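See below for the structure under consideration.
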Amino acid sequence: MVMKLPYLGSCLFLVFFSLVSIVASGSGKGLPILSFDEGYNQLFGDDNLVIHRDGKAVHLSLNDRTGSGFVSQDLYLHGYFSASIKLPADYTAGVVVAFYMSNGDMFEKNHDEIDFEFLGNIRGKNWRIQTNIYGNGSTSAGREERYNLWFDPADDFHHYTILWTASHIIFYVDNIPIREFKRTAEMGGDFPSKPMSLYATIWDGSDWATNGGKYRVNYKYAPYVAEFSDLVLHGCAVDPIEFSSKRCDGTQSFQLTTSITPSQRSKMDSFRRKHMTYSYCYDQTRYKIAPLECVINPREAERLKKFDPVTFGGGRRHHGKRHHHMQASRSEADSI
């Protein structure tokens, strides 16, 4: 359960120090796991949301009637948010499972968002994962990245984490950082900086989720069930009216100066070289010059250029070569 601590002078330093240690590992080990009733409310879906294990697990399903979802009871300004998730198996084209933070219900024209999106696929091909970040309504400058995974996320539960502070956002999969996003002066107000709720949803994204809408949800395979457990909400809970909280002041903020160890960074670099299939920073069809917040990694750039020379290298598309590179990319799903 999210702790609401009074200011305790020197004792606060010890609490803060322990939080830094927990966050630095990316594992969240030692953080309390909430039951559904302690931290969440149903968002939509009626009986397509089912609670299991005395509230310690939640199943979200999609059928031809509706999807489903839940939302945190509190708003948060920064923190550590995670869940173990097992995705639907078999034919899942068009299905989208999302685990994300947003304040779109409160700031319709200038909302913030931090997304994990899981994109279904046709039989025989694995789910893909997409991360995205919006700040201050900057949806037209979407900061998407997409990846293949080194495992089948429908076979078992895997751990997904969003770590958000005033200066960093880090996405983790099974405690391995897969993306680090730093706040820069060039971004202006585009870095998420307003309190957000945590959401989990499953829904029909047939129009775009799989090959740009080529493959749609086939409801003969429904219901599609996404399973969530080990839910952690550990952040600065804020008043929804005044947007204030003592827990977000001064030294109580989460710090990330030492959050990614050399070993973790090596694993992140390996993951991105092997499994990243899209990054807005390298998309030359969208940006002739990369956005100023982008840090260009020559190895990532070279791999993406080989994977898709049109999008990432300004070349001309050759369908045979494109097929070859897609096959090669799938064969790279080595262990990190």
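If the condition is being under 17 Å from Ile133 (Cβ atoms) and either in contact with a helix residue (DSSP H, G or I) (Cβ under 9 Å, 6 or more places away or on another chain) or open to solvent by 60 Å² or more (accessible area, probe 1.4 Å) (or both), then segment 260-286 contributes Arg272, Met276, Tyr278, Ser279, Tyr280, Cys281, Tyr282, Asp283, Arg286.
Suppose the filter is surrounded by 15 or more Cβ atoms within 10 Å (Cβ to Cβ), in contact with a helix residue (DSSP H, G or I) (Cβ under 8 Å, 6 or more places away or on another chain), more than 21 Å from Lys56 (Cα to Cα) and among the polar types (S, T, N, Q); does Ser206 pass it? Considered against the rule, which asks whether it is surrounded by 15 or more Cβ atoms within 10 Å (Cβ to Cβ), in contact with a helix residue (DSSP H, G or I) (Cβ under 8 Å, 6 or more places away or on another chain), more than 21 Å from Lys56 (Cα to Cα) and among the polar types (S, T, N, Q), Ser206 comes out as yes. Gly212 satisfies every condition listed in (1) surrounded by fewer than 19 Cβ atoms within 10 Å (Cβ to Cβ); (2) small (Gly, Ala, Ser); (3) at pLDDT 95 or above except (3). Among the candidates Tyr80, Tyr134, Tyr76, Tyr91, single out the residue that is crowded, with 22+ Cβ neighbours inside 10 Å and either farther than 22 Å from Leu233 by Cβ or more than 15 Å from the chain's Cα centre (by Cα) (or both). The match here is Tyr76. If a residue has to be under 21 Å from Gly235 (Cα atoms) and in a strand (DSSP E or B) to count, how many in segment 153-177 make the cut? Here the count works out to 14. So for segment 119-129 (the condition being modelled with pLDDT under 95, of a type outside the set (D, E, K, R), in contact with an Asp or Glu (Cβ under 7 Å, 6 or more places away or on another chain) and open to solvent by 70 Å² or more (accessible area, probe 1.4 Å)), does at least one residue qualify? For segment 119-129, residues modelled with pLDDT under 95, of a type outside the set (D, E, K, R), in contact with an Asp or Glu (Cβ under 7 Å, 6 or more places away or on another chain) and open to solvent by 70 Å² or more (accessible area, probe 1.4 Å): present. Among the basic types (Lys, Arg), at pLDDT below 90 and in contact with a Lys or Arg (Cβ under 8 Å, 6 or more places away or on another chain) - does that describe any residue in segment 2-25? Scanning segment 2-25 turns up at least one residue that is among the basic types (Lys, Arg), at pLDDT below 90 and in contact with a Lys or Arg (Cβ under 8 Å, 6 or more places away or on another chain). Residue count for segment 167-188, restricted to those that are open to solvent by 50 Å² or more (accessible area, probe 1.4 Å) and either among the aliphatic types (A, V, I, L, M) or at positive phi (or both): 3.
Selection of segment 36-73 for residues being over 30 Å from Tyr219 (Cα atoms) and within 21 Å of the chain's Cα centre (by Cα) yields Gly39, Gln73. Return the residue satisfying two criteria in turn: it lies in segment 273-308 and is of a type in the set (Lys, Arg) and in contact with a Phe, Trp or Tyr (Cβ under 8 Å, 6 or more places away or on another chain), and of such residues it is nearest to Tyr147 (Cα to Cα). Going through the qualifying residues, I end up with Lys274.
So which residues in segment 56-84 are at pLDDT 95 or above, under 18 Å from Leu198 (Cβ atoms) and small (Gly, Ala, Ser), if there are any at all? The answer is Ala57, Gly67, Ser68, Gly69, Ser72, Ser82, Ala83, Ser84.
Residue count for segment 36-56, restricted to those that are part of a strand (DSSP E or B) and under 20 Å from Ala89 (Cβ atoms): 3. Residues in segment 142-157 that are under 27 Å from Pro192 (Cα atoms) and open to solvent by less than 30 Å² (accessible area, probe 1.4 Å): Gly142, Arg143, Glu145, Tyr147, Leu149.
Over 15 Å from the mean Cα position of the chain (by Cα) and closer than 22 Å to Ser167 by Cβ: is that true of Gly28 in this structure? Against the criterion (over 15 Å from the mean Cα position of the chain (by Cα) and closer than 22 Å to Ser167 by Cβ), Gly28 qualifies.
For segment 215-230, indicate whether the set of residues that are small (Gly, Ala, Ser) and modelled with pLDDT under 95 is non-empty. No, the conditions are met nowhere in segment 215-230. Could you please let me know if Arg216 is assigned to a strand (DSSP E or B) and either charged (D, E, K, R) or more than 27 Å from His78 (Cβ to Cβ) (or both)? No, not satisfied.
The values are calculated or read from the model by the stated rules, or taken from the named source; none is laboratory data. Predicted model, so just to flag it, every value in this text is computed and none were measured. Every residue, glycine among them, receives a Cβ derived from its backbone with ideal geometry; neighbour counts consider all protein chains shown. Heads up: the accessible areas ignore ligands, DNA and RNA and are worked out on the full protein's heavy atoms, side chains in. Shrake-Rupley method; radii C 1.70, N 1.55, O 1.52, S 1.80 Å.
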